[in-house]
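Everything on this sheet refers to the single structure shown next.
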Amino acid sequence: MKAEELVFVLDIGTRSVIGLVGKAHDDMLEVLCVESAEHSSRAVVDGQIEDIEQTAKIAGKVKAKLEDTLGVKLHEVHVAAAGRVLRTERVSCTIEVDGGRPIGEKEMLALETAALQKAYENLSENLPDGAATNFCSVGHSVVGYQLDGYAFSTLLGHRGRQACVELIATFLPNEVVESLYTTMSMMDLSIASMTLEPIAAMNAVVPKELHLLNIALVDVGAGTSDIAVTDKGSVCGYTMVTVAGDEITECVMQELLVDFSVAEQVKFAIGAGKDTIEYKDVLGIPYTVERKELLERLMPAIEDLARRIAEGILSINNEPPKAVFMVGGGSRTPDLCKFVARALSVDEKRVAIGSSNYMKRQIQAEDKYLSAEYATPVGIAVTAMQSGSGEGLTVQVNGTRLHLLGASMTVMEALRRGGYQYGQIMGHSGKNVIFEYNGERRIVRGSPYTLAQIQVNGSVAGLSTLLQAGDNILFAPASDGEDATPRLRDLPDRWEPFEVELFGTAVSAGTVGWINGALAEPDQMIQQMDNVTVKQIDTVGDLLEIMGFAKQAPELMVNGNPCIGLEQNLFPGDTIALKNQTTSQPVPSVVEPAKPAPLKGEMRVLFNGKDMVLAPRGDGEFYQFFHLLNYVNIDPNDPHGEIVLLRNGSPASYLERIQDGDQIEIRWSEEDLSERIPHLPEEL
């Protein structure tokens, strides 16, 4: 048996690592060997690798057992990505195509690449300022195509002028993906392919012919519950909720006063149907508890888990699906399916443990592996088999030879393996500057990025272009756009300042501007959320009003002549005086005009000790804590302890809603607040 003939899978879970080796026979996967080992510590949290060394140690033990059993050395592995910060973006993108010839692979690749770029841009724009934007695309699903407004399942071979694709792109932080690569590298393994955990489980349990139905699949693990939804022939949504089997384990800990490992044993005993369960609490005192009694005490936690899962399904499906398949070890939690059905208001028969009937169509294995608990590792293997496995291929990227294991590889994957960062591949538009100008919200946008230039064997290619052995890739990284740098003088249609003499004192007239209440120079830069006012002081009346004087035209002299009215125009060097004035009158500094009346729906808060007015958001939504990150100097690259979020003296979350009158603090735990807070605008 040769290693290159095998499909080796590692499922890195929160509680354990499962290894599976199979062999493809036409359209069937024969499972040859399965091994597993539990983590000895919390090395993986909510599906995300935290301790790379410990995870590699446990996964290495699983790999060694498989190698000993099969008598082969395993070199490449198929894995699935997960994590508590999975992001999805659903986008539509339209491009012009040549209506005189059929649409080919090149146009399809260009269309999907443009859609992926748009999805990445949307993701970046929706992140709060200061948040990391080095997200990595870990897969996408096409929802549907349109050509000149008509729906098609594929555009290949069709003619038209406007091609449109709607797709769902999934992203994880680059650190999450890199942790998988690093962990595998420590075990002398190369990653042959990567998929998403819900995609893998879906491929194992829900065959493609069922994708026409509105079906939700929920993979209930230890730390997270991953959700995928199908409808009208495609996977139309992904999400995850950070609650799963561990919530039930922690409830057992509280109810029985036991540690985590004992609570896990008790939970498994409940699932096994034992009527009486024996255990020792943290003090070493032995107890017995009836299964029925303990289940009654756990029901609130199980109901809450079901409610959170149902909310996750509805967040991407808008209405209850026709059926729900539950897989993963946590899916066998007693009454979980029943409570999910109730939370979705569907028939209890419509929510069930993932059936092995469909798994048997494409997998040959012992019955225990054709079960909900093994849906993800088996699904990873099926996904790898369907995408093709074979010998590695060697390509060149800008003259550097790169060996890529796996028969199916795109330009995007090759660039990532070659060390290029996602920002170099996709590019970022320059940052926008948002501010208030004369009472209205104004945005000055940064310049757009310059697209990366990609050629494969001398021909223009896209990020989704599939590579062949020996391909030569030339790659010129994308250039980021410049951040917006608006100046005060750029805002009005004209900027024509001059001076006049008012009651013996030289004052500004013509175009005058203020930033946050202070008189500003024409070249002063506008910063985020500045409050900017610009006035044209063109007449005598304008000048008197802005200076706060009463409008007394009959008593005024302009250049020694009686003022003809408040509408008399001003010119550089004009002298305005009171009739019969013999001495200079005190003239105040130019003051900012009165601010507009408060807007309906605005809120006042105390933010880091300073009063702040939050104007109603343009989208009608409420403010959350992350919206205020723009106004504190918190640099993740220069930490000072932990980030502290307080609302009215109590700990808060980034997503917590802000109310009128709240006292809000956002700061580092180990530094003087006064040193980090910039000038805050009076109003937002």
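Numbers below:
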{"quantity": "Length released on extending from Arg159 to Asn438, taking residue separation times 0.36 nm less the Cα-Cα span", "calculated": "95.4 nm"}
{"quantity": "Label point distance in nm, Val613-Asp275, each placed 7 Å from Cα along Cα→Cβ", "calculated": "7.3"}
{"quantity": "Length-normalised contact order for the chain - Cα pairs under 8 Å, 6+ apart - percent", "calculated": "10"}
{"quantity": "Residues of region 220-243 with amide N under 19 Å of a point placed 7 Å along Cα→Cβ from Ala151", "calculated": "229-238"}
{"quantity": "Relative contact order [Cα under 8 Å, 6+ residues apart], region 1-71, whole percent", "calculated": "28"}
{"quantity": "Percentage relative contact order, region 397-543, counting C-alpha pairs under 8 Å, at least six apart", "calculated": "24"}
{"quantity": "Surface share of carbon and sulfur [accessible, 1.4 angstrom probe, percent] for the chain", "calculated": "47"}
{"quantity": "The chain: calculated mean residue ellipticity at 222 nm from DSSP helix runs of at least 4, using -39500 (n - 2.57)", "calculated": "-7000 deg cm²/dmol"}
{"quantity": "Distant-in-sequence amide H partners of Val45 (H built 1.01 Å from N, under 5 Å)", "calculated": "Glu50"}
{"quantity": "Net lengthening on full extension, Thr182/Glu250 (0.36 nm per residue, minus Cα-Cα)", "calculated": "21.4 nm"}
{"quantity": "Residue-normalised accessible area of the chain, expressed per residue, 1.4 Å probe, Å²", "calculated": "48"}
{"quantity": "Lys118 versus Leu295: modelled label distance in nm, points set 7 Å from Cα along the beta carbon direction", "calculated": "5.0"}
{"quantity": "Cβ-Cβ FRET estimate between Gln455 and Glu482, R0 fixed at 35 Å, reported to 0.05", "calculated": "0.85"}
{"quantity": "Approximate spin-label separation Lys208-Lys360, in nm, with each point projected 7 Å along Cα-to-Cβ", "calculated": "2.3"}
{"quantity": "Modelled FRET efficiency - R0 45 Å, Glu175 with Arg494, Cβ distances, 0.05 increments", "calculated": "0.35"}
{"quantity": "The chain: antiparallel DSSP beta bridges as a percent of all, rounded to 5", "calculated": "80"}
{"quantity": "Heavy atoms of Thr182: accessible area, 1.4 Å probe, square angstrom to 10", "calculated": "60"}
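The values are calculated or read from the model by the stated rules, or taken from the named source; none is laboratory data. Not measured: the values here are computed from a predicted model. Using ideal geometry, Cβ is built from the backbone for each residue, glycine included, and neighbour counts are taken over all protein chains shown. Heavy atoms of the whole protein, side chains included, go into the accessibility calculation; ligands, DNA and RNA do not. Shrake-Rupley method; radii C 1.70, N 1.55, O 1.52, S 1.80 Å.
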